[in-house]
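Working notes, beginning with the structure itself.
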Amino acid sequence: MQERYLPNQVETEAQAHWRAGDVYRVTEHATLADGSPKPKFYACSMLPYPSGKLHMGHVRNYTINDMMTRQLRMRGYNVLMPMGWDAFGMPAENAAMKSGVPPAQWTYDNIAYMKKQMQAMGLAIDWSREMCACDPAYYKWNQWLFLKMLEKGIAYRKTQVVNWDPVDQTVLANEQVIDGRGWRSGALVEKREIPGYYLRITDYADELLDTLKDGLPGWPERVRLMQENWIGKSEGVRFAFRHDIRDEQGRLIQDGLMHVFTTRADTIMGVTFCAVAPEHPLAAHAARGNAGLAAFIEACRQGGTTEAELATREKEGLPTGLSVIHPLTGEPVPVWVGNYVLMSYGDGAVMGVPAHDERDFAFARKYGLPIRQVIAAEGKTYSTEAWQDWYADKQIGRTVQSGKYDGLSTAEAIQAVAADLKAQGLGELRTTWRLRDWGISRQRYWGTPIPIIHCPDCGPVPVPEKDLPVVLPEDLVPDGTGNPLAKHEGFLSCHCPSCGKPARRETDTMDTFIDSSWYFMRYTSPGNDQAMVDARNDYWMPMDQYIGGIEHAVLHLLYARFWTRVMRDLGMVKFSEPFTRLLCQGMVLNHIYSRKNARGGIEYFWPDQVENITDDKGGIVGARLKSDGSPVDYGGIGTMSKSKNNGVDPQSLIDGLGADTARLFVMFASPPEQTLEWSDSGVEGAHRFLRRLWAFCHGHHDDIRRHAAVPLDGAALDEAAAGLRRQIHGLLRQADYDYQRIQYNTVVSTAMKMLNTLESAAQAGVSGPALAESASILLRVLYPVVPHVTWQLWRELGLADALGDLLDAPWPQVDEAALRADTVELVLQVNGKVRGQLDVPQEADRPAIEALARAHEAVARFLEGREPKRVVVVPGRLVNVVG
């Protein structure tokens, strides 16, 4: 065994061995030694986008998965850990426009490099199941299931107002609009009406919501709450304000009814205005003769539409000069256009009750609109000068100034108002949802082609199943002037499947969330070109553990849950929920340093370029460049980012200190679900620990190797050896517990304690079977964290000959007999202060413990010869002598 720990040499040898043996290939028929089937466990990390290089977030995510996979395999499970590539999307197109290289080439080059990096990390991935979203063999099934949804009415085509990015030439989801601009291009977003394809996720809203409440106990509560809020079930009343507003042809607009939805029908007598979305038909009608209003509406078209943005945006509006009729009082109610009203939610109109809605209150105060109190609470005084939270409280209020409804509770008033509106034929109780159908049409090139053919005579016609996949040309280079498919005659030109006449292919491609909604099931059925999934999917799914970032808590996870239910209803799968347990790992953070340059832009600096300036408590208050001493602003810690020059290249870390050092640091520095702050000194500390581990094994190589296969007789051990076993098995119990609860940082700290214990025992002269057993336990506990160095040490120490290859070596079992001691060490206190330790026989009763305590020299010394008044015994923990 060589004396020095050389990580690159160790890792190269280990990986070559694993690769030669194809040791990570998994089948559905794995059995235990007795011939019985192994229990299955499917652990999967969210598939990465092939951006070019792994980042430390990837390293952390995949190491969590790898630890779980390796430890469970040692415990006898049949464990699947696959990997694939979320390969479609705009980043590849943007890169292509910069480099002039087709997105396909850029994507495949990046995949090759990132796969090499993953292999260098030593991940236990079954690469035989690798999938890639831009592979026609994969996206064929996106197209196939889309056609099945079209047959069932789950997929449909409609024209709708959308967020249009004029630079990227694509539709954006609400959450992709930030401060009114496209999330990637930064261009002001426009509103456009265009046709597209949608999936009826709203048909599954009730089921998706109900399961969140009691059917996903293995999910973090915050993720369930985020999805619940996104689905947004609201129970209230949908009703109409009558009006006599007519268009240029004299026809009543919307049949003379302006519908709204409210959860607070009990406040209907407090309506003093109504507000409509800028796209509402009444707004469009009013703007025809009002240049100021038309300009305001155009300005609203440039704004973002996320709810978060609406909540923080300054509420603005203009009167239309129109009015509608209050359905219960008959009074005219003025109609305004409001920038905070969305056409895509409800009917694009809201009733304004400023006395009892904070948003309406601010709007009314700004524009001098009446505020009419219709809810009162005992002991509370209402004022229109400032908003108070109780104004909107549904629990404590009673209706006032509401005529026949006076004195009713919120629930009673809602029922009464709904009944009266229904009697007039103007409204009824209704449940509404924040969730909207999923628009999957992207006006982009690099994505799954939507399998539709447009015929001048037949209209949109589905591509026949036998003609799938509709293959995306891979040699196009976007130039920023729209979708290049629209200019590619070889792709566009086809014949109508119905009438045979010349026709044109659909050029929209599918939302990339389609690709990630079922990829985890394709891992289970690799190589099947006849079916989307097969019986192997029934073996592996539902997934036992899913691992990924909290940023995917809503859309990806919600779409995957919906997609799974569609497959269930088509008879393809036998389950409803795809992910049994979910772990959202924390972000990796690092220090941020910057300053404004001469042009007013911000220039960022790498942490190793600066020297920190600290206060008297060691806190960083500033920094200066090492090169010239000039001042630099310290921005605190934030998520690692290339743009902020605070990322760490995993490859350089692997090349320099080894993959095991990187793995050990990211697992030890923080619990998996919490953020991790990068620390160069922490990385160095992780590497020093591995060198210590190697040095210990090298120093005791001969002793451990001689006793690796020697049976251990616990009863024959001397006190020192028995003490070593007692401590190691106690720590093993803690490690077992921490593996079970996925607290991998404390697994590492427990392993560190094991090494400390081994070193101390060896210095005290412990050797032979007890030392060999303890070393084998340490290596197995550490193996899932740092597989390369432990695998090499396992072989060097002869443990592979005794217990088999470390990959499938039996997980060590806690020996309860080893934990039993002849004596117990208790903390000794005198008058509540710790004054030493007290060793008592294991079988000692309370009187015997008291007698030993009274006789202890520390008691006589600290009581100065006085007799103790009493002795308090806490069994197994401490003795307190009170004098």
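For the pair Ile550 and Arg75 in one chain, pulling the backbone fully straight at 0.36 nm per residue adds 168.1 nm over the alpha carbon distance.
The Cα trace of region 667-819 gives Rg and Dmax of 15.2, 48 Å, the first to one decimal, the second as a whole number. Here's how it looks for Phe273: its modeled amide H is under 5 Å from those of Gly352, which are all 5 or more places away or on a different chain.
Pairwise inverse Cα distances across region 597-639, averaged and inverted, put the Kirkwood hydrodynamic radius at 11.3 Å. For region 236-355, what class follows from the C-alpha gyration tensor (a ≥ b ≥ c being the square roots of its eigenvalues): rounded when a/c is under 1.5, otherwise prolate if a/b is larger than b/c, else oblate? It comes out oblate by the Cα gyration axes.
Restricting the calculation to alpha carbons of region 274-426 gives Rg and Dmax of 16.7, 50 angstrom. Taking amide H as placed 1.01 Å from N in the peptide plane, the amide H of Ile452 sits under 5 Å from that of Val463, Glu506, each at least 5 places away or on another chain. Based on the Stokes-Einstein relation at 20 °C and a viscosity of 1.002 mPa s, and on the Kirkwood radius from alpha carbon pairs, the chain is assigned a translational diffusion coefficient of 66 µm²/s.
In degrees from 0 to 90, rounded to the nearest 10, what is the angle of the helix 769-782 Cα long axis to the longest principal axis of the chain? Helix 769-782 and the main axis of the chain meet at about 10 degrees.
Packing here is the average count of other Cβ atoms within 10 Å per residue, and on that basis the peptides 589-602, 92-105, 785-798, highest first, run 785-798, 92-105, 589-602. Amide H contacts of Met587 (H built 1.01 Å from N, in plane; Pro and chain starts excluded): Thr675, Leu676 sit under 5 Å, all sequence-distant by 5 or more or on other chains. For region 98-104, putting each phi into the Karplus relation 6.51 cos²θ - 1.76 cosθ + 1.60 with θ = phi - 60° gives couplings of 6, 9, x, 9, x, x, 4 Hz, in residue order, rounded to whole numbers and with x for Gly and Pro. Between region 260-276 and region 423-462, the alpha-carbon centres lie 29 Å apart. Taken one residue at a time, the phi angles of region 201-218 give Karplus couplings (6.51, -1.76, 1.60, θ = phi - 60°) of 5, 5, 5, 9, 4, 4, 5, 4, 6, 4, 5, 4, 6, 9, x, 10, x, x Hz. Gly and Pro are set to x. Estimated from helices alone, the mean residue ellipticity of the chain at 222 nm is -10500 deg cm²/dmol (sum of -39500 (n - 2.57) over DSSP H runs with n ≥ 4, per residue). Put simply, when 179-187, 22-30 are sorted by average Cβ atoms within 10 angstrom per residue, most first, you get 179-187, 22-30. How many percent of all Cα-Cα pairs in region 48-200 sit more than 20 Å apart? Summing the P(r) tail past 20 Å for region 48-200 gives 66 percent.
Protection proxy ranking, highest mean first, for peptides 270-278, 148-156, 692-700: 270-278, 692-700, 148-156, where packing is the per-residue count of other beta-carbon atoms within 10 Å, averaged. Charge tally for Phe689 (other residues, Cβ to Cβ under 14 Å; Lys, Arg +1; Asp, Glu -1): +2.
Relative to the longest principal axis of the Cα atoms of the chain, the long axis of helix 221-231 lies at roughly 10 degrees.
Using a ≥ b ≥ c from the Cα gyration tensor of region 372-484 (square roots of the eigenvalues), is it rounded, prolate or oblate, where a/c under 1.5 gives rounded and otherwise the larger of a/b and b/c decides, a/b for prolate? It is prolate, given that a/c is not under 1.5 and a/b is the larger ratio.
Where a number appears in this text, it was derived from the coordinates with a stated rule and is not lab data. No experiment lies behind these values; they were computed from the predicted model shown. Reconstructed Cβ throughout: ideal geometry from the backbone, glycine too, with neighbour counts over all protein chains shown.
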